[in-house]
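Below: the structure, in structure tokens.
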Amino acid sequence: KPQLVASNDRFCRFLEEYCPVVTETYYPTIWCWEGRVQTLLRPFITSRPQVQYRNELIKTADGGQISLDWFDNNDSLCYPDASTRPTVLLLPGLTGTSKESYILHMIHQSETLGYRCVVFNNRGIAGEDLLTPRTYCAANTEDLEAVIHHVHSLHPSAPFMAAGVSMGGMLLLNYLGKTGRDTPLMAAAIFSAGWNVFESVESLEKPLNWLLFNYYLTTCLQSSISRHRQMLEKLFDMDLVMKARTVREFDKQFTSVMFGYRTIDDYYEDASPCRKLKSVGIPVLCLNSVDDVFSPGHAIPVETAKQNANVALVLTSCGGHIGFLEGIWPRKCTYMDRVFKQFVQAMFEHGNKIFSM
């Protein structure tokens, strides 16, 4: 059974009644239960539901642009009025886009419930050009704030939630820690977030984890900026950036410099959501597996979460990083997908009951 951590009895009772999956026993796929195997296999095993997007490019205050992929769900029978159709903002992981299988599954779940989705693609990674020499990071929430304001301004009468995965979850938590209750979002769901970046990079630098994940992730980061080399060479020694062999080296040469941090430690401290959890002002459900090498179990801020009545943690013993595979042949729905579906439905349809239970 997952461990449900929440200091607020009403939030606990709400989840037990309207999101019962968080109290059910999670049975990982027996032939790939180990966390690293789950992490590696999910992208290859899970299906990729067909989703037809409508793309929108929005301009930012500094002259840049952000690519949003909309799934309008205009065929929604439950919410035929687009002005009041519930909207879910989705934030993919570090180098992820709207094409990731876990994003497609979240949209598929939302479609069945009648909701609209919009995917926030970080700058420069979804095929659009960089108009300024700036990308993104887990600590800087300016682009996310612009997107949330834009989406809310288009549909001010629609209930509005967000869900973030991995780095997308870290960014969303850092935004919520900064804004408190001053946000148009009514709730948020967080999956496989790295709570303490120092612990995350240390775990990823262990020899086997470096071989399986760190080196590949570093090359993905390098690949995501190489297309914009001409723009970025104005500010960076790109040859040095391309020599990085770990995420830490990449962040030291590129990310921390881009966002004006004096040292990489300053950046990692600012990027760690565990430091901002006390300030979250809306209901947030966070799912982590304690065998996630990207977010080791000992770094999950259980005691801090207990100090905020708006926060609930769901901790499984297996599941890896964005894995949570279940069943003999886990092609379709994962435990993470079921948590997402039940929680967004609970909040959109019964959220007003949290404070009356």
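The values are calculated or read from the model by the stated rules, or taken from the named source; none is laboratory data. In this text, all values refer to a predicted model and were calculated from it rather than measured experimentally. Here the Cβ positions follow ideal geometry from the backbone for every residue, glycine too, while neighbour counts run over all protein chains shown. Protein only, heavy atoms only, side chains kept; ligands, DNA and RNA dropped before computing areas. Shrake-Rupley method; radii C 1.70, N 1.55, O 1.52, S 1.80 Å.
Give me a count of the residues in region 240-262 that are among the aliphatic types (A, V, I, L, M) and under 18 Å from Gly124 (Cα atoms).
4
Scanning for something in a loop (DSSP other than H, G, I, E, B), open to solvent by less than 50 Å² (accessible area, probe 1.4 Å) and assigned by the TED database to the domain that holds Phe71, does region 12-20 turn up at least one residue?
The answer is yes, given that some residue of region 12-20 is in a loop (DSSP other than H, G, I, E, B), open to solvent by less than 50 Å² (accessible area, probe 1.4 Å) and assigned by the TED database to the domain that holds Phe71.
Condition check ((1) over 23 Å from Met258 (Cβ atoms); (2) open to solvent by less than 10 Å² (accessible area, probe 1.4 Å); (3) touching a strand residue (DSSP E or B) at 6+ places or on another chain (Cβ under 6 Å); (4) hydroxyl-bearing (Ser, Thr, Tyr)) across all residues:
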residue	(1), (2), (3), (4)
Asn140	no, no, no, no
Val147	no, yes, yes, no
Pro156	yes, no, no, no
Ser166	no, no, no, yes
Met170	no, no, no, no
Asn174	no, yes, no, no
Arg181	yes, no, no, no
Ala193	no, yes, no, no
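Limited to region 115-130, what total is found for residues that are under 14 Å from Leu232 (Cα atoms) and open to solvent by less than 20 Å² (accessible area, probe 1.4 Å)?
Going through region 115-130 one residue at a time, the tally reaches 3.
Checking the structure you have, find out if any residue of region 86-108 is farther than 30 Å from Ala271 by Cα, of a type in the set (D, E, K, R) and surrounded by 13 or more Cβ atoms within 10 Å (Cβ to Cβ).
In the first step, residues of region 86-108 are kept if they are farther than 30 Å from Ala271 by Cα; the result is 108.
Among the residues that remain, those that are also of a type in the set (D, E, K, R) are: none.
No; the residues of region 86-108 include none that is farther than 30 Å from Ala271 by Cα, of a type in the set (D, E, K, R) and surrounded by 13 or more Cβ atoms within 10 Å (Cβ to Cβ).
For region 128-230, give me every one of the helices (runs of 4 or more DSSP H) that falls completely inside it and has 2 or more residues that are outside the structural domain of Tyr261 (by the TED database) and within 14 Å of the chain's Cα centre (by Cα).
Filter on region 128-230 gives 167-179.
Out of all the residues in region 321-339, is one or more open to solvent by 10 Å² or more (accessible area, probe 1.4 Å) and part of a helix (DSSP H, G or I)?
For region 321-339, residues open to solvent by 10 Å² or more (accessible area, probe 1.4 Å) and part of a helix (DSSP H, G or I): present.
Residues in region 238-247: is at least one within 21 Å of the chain's Cα centre (by Cα) and under 21 Å from Tyr268 (Cβ atoms)?
yes
What residue, among those in region 257-314 that are under 17 Å from Glu202 (Cβ atoms) and among the small types (Gly, Ala, Ser), is surrounded by the most Cβ atoms within 10 Å (Cβ to Cβ)?
Out of the qualifying residues, it is Ala271.
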